[in-house]
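Visitor: Supplied in structure tokens, the structure appears directly below.
The values are calculated or read from the model by the stated rules, or taken from the named source; none is laboratory data. Small disclaimer: the values here were computed from a predicted structure and weren't measured. Counting neighbours? That spans all protein chains shown, and the Cβs are built from the backbone with ideal geometry, glycine included.
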Amino acid sequence: MPQANITLIQGVIVEEDVRLTLVELCQACNVAEEHVLAWVIEGVLEPVGASPPEWRFSGDSLRRARLAWRLAQDLEINPPGVALALDLLDEIATLRARLQRSGSN
């Protein structure tokens, strides 16, 4: 009998109600704090809290930060460009969901 190759993938499911500190978000995304600060200034990420030490980021912020980092690295997009690209991607997702609800494809 031939041997089957099995690949194990390990991950963590992040709930929407999870709150990450700035340091935890940076560690989870493997990005420097200055990138996250720039994305907050541009509106890419919206933390809860008055200042960086008090900021808490949602699970959705983790997804957005990872996507922002990929855009910045792979396409060499600056923070304002990342904000624009993510806004457009959000709009596309909203329109697709609206189409799906209406029964159109």
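Visitor: For V40, are the conditions met, namely being modelled with pLDDT of 95 or more and either more than 27 Å from L88 (Cβ to Cβ) or in a helix (DSSP H, G or I) (or both)?
Guide: For V40, the condition - modelled with pLDDT of 95 or more and either more than 27 Å from L88 (Cβ to Cβ) or in a helix (DSSP H, G or I) (or both) - is met.
Conditions (1) under 14 Å from V23 (Cβ atoms); (2) surrounded by 13 or more Cβ atoms within 10 Å (Cβ to Cβ); (3) touching a helix residue (DSSP H, G or I) at 6+ places or on another chain (Cβ under 6 Å), marked per residue:
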| residue | (1), (2), (3) |
| --- | --- |
| E46 | no, yes, no |
| W55 | yes, yes, yes |
| S58 | no, yes, no |
| A68 | no, yes, yes |
| L75 | no, no, no |
| G81 | no, yes, no |
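Visitor: Could you list, in sequence order, all residues of segment 45-81 that are of a type in the set (A, V, I, L, M, F, W, C) and in contact with a Pro (Cβ under 7 Å, 6 or more places away or on another chain)?
Guide: W55, F57
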